[in-house]
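Enquirer: Next up is a structure, given as C-alpha cells.
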Amino acid sequence: MAESMQVLEDHTNSEYKYGFTTDIEMDVFPKGLSEDVVRAISAKKNEPEFLLEWRLKAYRHWLTMTEPKWPNVNYPKIDYQDIIYYAAPKERPEIDSLDEVDPELLKTFEKLGISLDEQKRLTGVTGIAVDAVIDSVSVKTTFKETLAEQGIIFCSFSEAVQDHPELIKKYLGTVVPYTDNYFAALNSAVFSDGSFCYIPKGVRCPMELSTYFRINTANTGQFERTLLIADESSYVSYLEGCTAPMRDENQLHAAVVELIAMDDAYIKYSTVQNWYPGNKDGVGGIFNFVTKRGMCGGKNSKISWTQVETGSAVTWKYPSCILKGDGSVGEFYSIAVTNNMQQADTGTKMIHIGKNTSSTIISKGISAGRSHNSYRGLVKVGRRAENARNFSQCDSLLMGDKCGAHTFPYLEIENQTAQVEHEATTSKIGEDQMFYCKQRGLNEEDAINLIVNGYCKDVFNELPMEFAVEAQKLLAVSLEGSVG
Amino acid sequence: MLNIRDLHVAVEDMAILKGINLEIKPGEVHAIMGPNGSGKSTLAQVIAGKDEYEVTSGTITYKNEDLLDLEVDERARAGIFLAFQYPVEIPGVSTAHFLKSIVNAGREGRGEDELSAVEMLKLLRSKTQMLGMDQKFLSRALNDGFSGGEKKKNEILQMAVLNPKLAILDETDSGLDIDALKIVADGVNAMRNNDNAFIVVTHYQRLLNYIEPDFVHVLYNGQIVKSGDKSLALKLEEKGYDWIKEEVASATV
Ligand SMILES: Nc1ncnc2c1ncn2[C@@H]1O[C@H](COP(=O)(O)OP(=O)(O)OP(=O)(O)O)[C@@H](O)[C@H]1O
Ligand SMILES: [Mg+2]
C-alpha cells in the first residue's frame, strides 16, 4: 500500500512545460499604483473621457476595499506597489500582417502550439480565430475580416474602445460592476487590454473564437478584460487559454470576464487555464484571482462555462450565471487539478431570478501532492423565480494521502417551487482500478491518465473537439512525473 | 513456462499460502479447485503481481526469468493475463477505448506499431462476435453497470484481444448462464495451442467438461494437497472436500 502511494506521489511531481520567457522589446511602466498610473494607462491607450472616469471611480472605490479573506487559500501578502501595471510589446501598433509582428513573439506562440498564421489555421478542419494577448496587450487577432463579413466584431478590447465606444459604454461593467469585489475593482482601474466580441442578431458564429493569454514580463500583473455580447438568437463558442514563464516571484493575474446573452442567445465559454503553478515546493507561480460572470438577460438564453484548471499557485475563481431571462439556462462544467503545493478555491454561482430557469453544475476536483482543492458553489433561487431547477454534482478525487479536497455548497432558496439536487462524492484513485489496468499491460502513467480521464469525461464532453484533446494532454502533463 | 517453488505468501503478517509447488508447461491446462478461502485467488493475484500480498519465501519463475522481479504491467506485457473473480469498474472509460489502449500497450511492449483504426475495429468486432457479445458493450463504460455475467464475458473478451501466453481464469464460470459458459469455453478452446497455457480456477466440474484440463489440483488451507487428472474433479463433484480434509488431517497427526 505504502509503496503504491509513493509511486503515485512520484508520478504527480510534474514539470511545467511552458516556463520559457521571450526577449521582446517592451514598453514598461515603473512599478506602483496611483491615480497617475491609472491616468497614464488611459492616456497611453488614447481612451475616451468616459472610460478614464470609470477607471478613476473604480480606483477610488478599490482604495476603500480590503482583500477577501474567506477563500480557503493561503498566500503571502501582495504588495500592490510592487507590481508593474502596464507592459506592452513595443512593436504593437497597427499590425496588419504577420510580417509586422515581432518574430520573437511569433516564436513564442509557436512554442505554445498556437499558430497566428491564418493560412496555416485554414488548413485545419474548422478555423479558430485567435486573439493573442501578451502581458495584457492584444498583439494579433486572426480572421477578423472573415468574421466581419457576418457582422461579427472580434478584436482586442483597446480596438473596440476606439472603434465601437458606444458598445463599450453601454455594456462595460453591467455584469461585473467595479464595486463587485476587490480584484474586479482593481482590474477596472488598471486593465490594459483583453478581447471584445459582439455577435449580431441571428448569427451563428462560424468558427471558434479564442483568446490566448500569456504573461511574459517579470513583476507584471496581468489585468485583462473580456466583454462578449451575444445578441438575440446568436451563438458563439469562445475558448480561452493561458500560460506564463517560470519565475520565483508570484505574479498577479486579476481578470474580469463579462458575458451578455440576449433572447435565445447561447454562449459557450471554455477555458483551459495553465498558468505557471510554482515549483514543487510552492515557490513562484501565478495568483489567479478572476471574476467571470454571465448575464442571461434574455428569455431562453443560455450560458455555459467549461473550465479545465490545471495551473496557478493560487486560484480564486467562480464563473457565474445570472439567470434573469425567463427560461434561461446556466451551466458550469469544471475540472480543477491541483498538484504539489497548489491551492484552488473555485466553483460557481447560479442566481435564479427569472421563471423556469435551470442550471447544471458538474465539478470534478483532482488533488495530488500536498495541494488543496476546494469547491465553493452558490445556488440562489429568488422570490420570483418560479419553477427553478438546479442539479449539482461535485466529485473529488484524491491522489495520495497528503492532499485535501473540500466542498462548500451554499443554497439560498426563496421560492418553494424550486427543485434543487446536490450530489457529492470523494474518492481515492482506486488501488483496485490501478491494479486492473496494469494487469492489462498499461504502465503506471497510462493507467492514471486513463482513470482520471474517465473520471473527467462528463466535462471533457462539453469542450469543443480540438480543445478536448489539448485538455486531456494537459491533464496528463499536470499529473505526470518521474515514473521511470 | 511457469514454475512455482515452495511459495509462501502473507498479508498483514497472516500466512495465506503455505508452500505452493506448481509447474506449468506450454500447451497445458491446469484446473485449481478448493474450498472457499483456501487461497486460490491469492495465488492468482500473486502471479499477476498484486503488491498487497507479501511473498515471504519461495520463487516463481516464468519463461526462465524471476517473475517476482517484474512489475505488474511488465508481467502483463510478458503474456500473463488474469481474468478477475471480481472485475473492476472504470467509469467514463469506454470498453472500446480500454481495449484499444491495452492492445496497443501490448504491441508497444513487443516493439510493434499501433494498430490502425480499421484493424482495431476489425479485431474488436471479430472477438465480440466470437463471444456472442452485443457490439453495444464496446461503447459502454468498462464494467460500469454490467451484470455479473457480462463482466465475466468482458474479461474473456480482453483475454481474446490480448492473446496471452499464460491465462489465469479466476472463477470466470461463476455467474455465467449455461449458454454463456459454453461460449466462453469455446473461446478458450479456440485459443488453446502448444504455446500457451491456462490456469482455470473453478468450483464446478461442469466447466471442465468443456475445457478439458490436463491436471486438476486441490488447494486447501494454502497448500496444494492433491493433484490428479480430470477424474479428480469428478470425484470432488461427487464427494465434496471432506475426504480430502480428512486425508490432510490424518497426514499431519
Ligand atoms: N487482502 C487481504 N486481507 C486480509 N485477508 C485476505 C486478503 N486477501 C485474502 N485474504 C484471506 O486469505 C484467504 C484466502 O483468500 P482467497 O481469496 O485467496 O480465497 P479463494 O480460495 O479464492 O476463495 P473463494 O473460493 O471464496 O474465491 C481468505 O481467508 C481471505 O479472507
Ligand atoms: Mg477466489
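The values are calculated or read from the model by the stated rules, or taken from the named source; none is laboratory data. This one's a predicted model, so the numbers in the text were calculated from it and none came from an experiment. We place every Cβ from the backbone using ideal geometry, glycine too, and count neighbours over all the protein chains shown. Surface areas here come from the heavy atoms of the whole protein model, side chains and all, with no ligands, DNA or RNA. Shrake-Rupley method; radii C 1.70, N 1.55, O 1.52, S 1.80 Å.
Enquirer: Go through the stretch B:9-124 and tell me which helices (runs of 4 or more DSSP H), entirely inside it, have 1 or more residues that are modelled with pLDDT of 95 or more, open to solvent by 30 Å² or more (accessible area, probe 1.4 Å) and within 16 Å of ligand 1 (Cβ to nearest atom).
Expert: Details: elements: B:40-48, B:72-77, B:95-109.
Filter on the stretch B:9-124 gives B:40-48.
Enquirer: So, one more: Considering the stretch B:133-149 alone, what residues qualify as being part of a loop (DSSP other than H, G, I, E, B), crowded, with 18+ Cβ neighbours inside 10 Å and more than 14 Å from every other protein chain (Cβ to nearest Cβ)?
Expert: B:Met133
Enquirer: Turning to a different aspect of this structure: Looking only at the stretch A:351-376, count every residue that is hydrophobic (A, V, I, L, M, F, W, C) and open to solvent by 10 Å² or more (accessible area, probe 1.4 Å) and tell me the total.
Expert: Counting residues in the stretch A:351-376 that are hydrophobic (A, V, I, L, M, F, W, C) and open to solvent by 10 Å² or more (accessible area, probe 1.4 Å) gives 3.
Enquirer: Right, another one. What are the residues in the stretch B:182-239 that are surrounded by 18 or more Cβ atoms within 10 Å (Cβ to Cβ), within 16 Å of ligand 2 (Cβ to nearest atom) and farther than 18 Å from B:Leu2 by Cβ, if any?
Expert: B:Thr202, B:Leu207, B:Val218, B:Tyr220, B:Gly222
Enquirer: Identify all residues within the stretch B:152-181 that are crowded, with 20+ Cβ neighbours inside 10 Å and within 16 Å of ligand 1 (Cβ to nearest atom); write none if there are none.
Expert: Across the stretch B:152-181, the qualifying residues are B:Lys152, B:Glu155, B:Ile168, B:Leu169, B:Asp170, B:Glu171, B:Thr172, B:Asp173, B:Leu176.
Enquirer: Please tell me if B:Lys165 is away from chain A (no Cβ under 14 Å) and of a type in the set (Lys, Arg).
Expert: Here the answer is no, as B:Lys165 does not meet what is asked.
Enquirer: Moving on. So, of the residues in the stretch A:157-206 that are among the charged types (D, E, K, R) and more than 12 Å from A:Ala58 (Cα to Cα), which turns out to be surrounded by the most Cβ atoms within 10 Å (Cβ to Cβ)?
Expert: Step one: list which residues in the stretch A:157-206 are among the charged types (D, E, K, R), which gives A:159, A:163, A:166, A:169-170, A:180, A:193, A:201, A:204.
Adding the requirement that they be more than 12 Å from A:Ala58 (Cα to Cα) leaves A:159, A:163, A:166, A:169-170, A:193, A:201, A:204.
Values: A:Glu159: 19, A:Asp163: 12, A:Glu166: 7, A:Lys169: 14, A:Lys170: 11, A:Asp193: 28, A:Lys201: 14, A:Arg204: 12.
Step by step, filter the stretch A:157-206, then rank; the result is A:Asp193.
Enquirer: Can you name every one of the strands (runs of 3 or more DSSP E) wholly within the stretch A:378-479 that holds 1 or more residues which are of a type in the set (D, E, K, R) and under 25 Å from A:Ser237 (Cβ atoms)? It would help to see each step written out before you state the result.
Expert: Numbers: elements: A:389-398, A:404-413, A:419-428.
Passing ranges, in order: A:389-398.
Enquirer: Suppose the filter is at pLDDT 90 or above, away from ligand 2 (no atom under 16 Å from the Cβ), within 14 Å of another protein chain (Cβ to nearest Cβ) and on the phi > 0 side of the Ramachandran plot; does B:Asn154 pass it?
Expert: Working: at pLDDT 90 or above: yes; away from ligand 2 (no atom under 16 Å from the Cβ): yes; within 14 Å of another protein chain (Cβ to nearest Cβ): yes; on the phi > 0 side of the Ramachandran plot: no.
No: the conditions fail for B:Asn154.
Enquirer: Can you pull out the residues in the stretch A:390-430 that are over 16 Å from A:Leu323 (Cα atoms), crowded, with 19+ Cβ neighbours inside 10 Å and among the aliphatic types (A, V, I, L, M)?
Expert: A:Leu397, A:Leu398, A:Met399, A:Ala405, A:Ile429
Enquirer: Take the stretch A:301-341 and flag every residue that is open to solvent by 10 Å² or more (accessible area, probe 1.4 Å) and of a type in the set (Val, Ile, Thr).
Expert: Within the stretch A:301-341, A:Ile322, A:Val329 meet the criteria.
Enquirer: Given the criteria surrounded by fewer than 20 Cβ atoms within 10 Å (Cβ to Cβ), more than 14 Å from chain B (Cβ to nearest Cβ) and free of Cβ contacts under 8 Å to residues at least 40 places away in the same chain, does A:Gly382 qualify?
Expert: Working: surrounded by fewer than 20 Cβ atoms within 10 Å (Cβ to Cβ): yes; more than 14 Å from chain B (Cβ to nearest Cβ): yes; free of Cβ contacts under 8 Å to residues at least 40 places away in the same chain: yes.
Yes.
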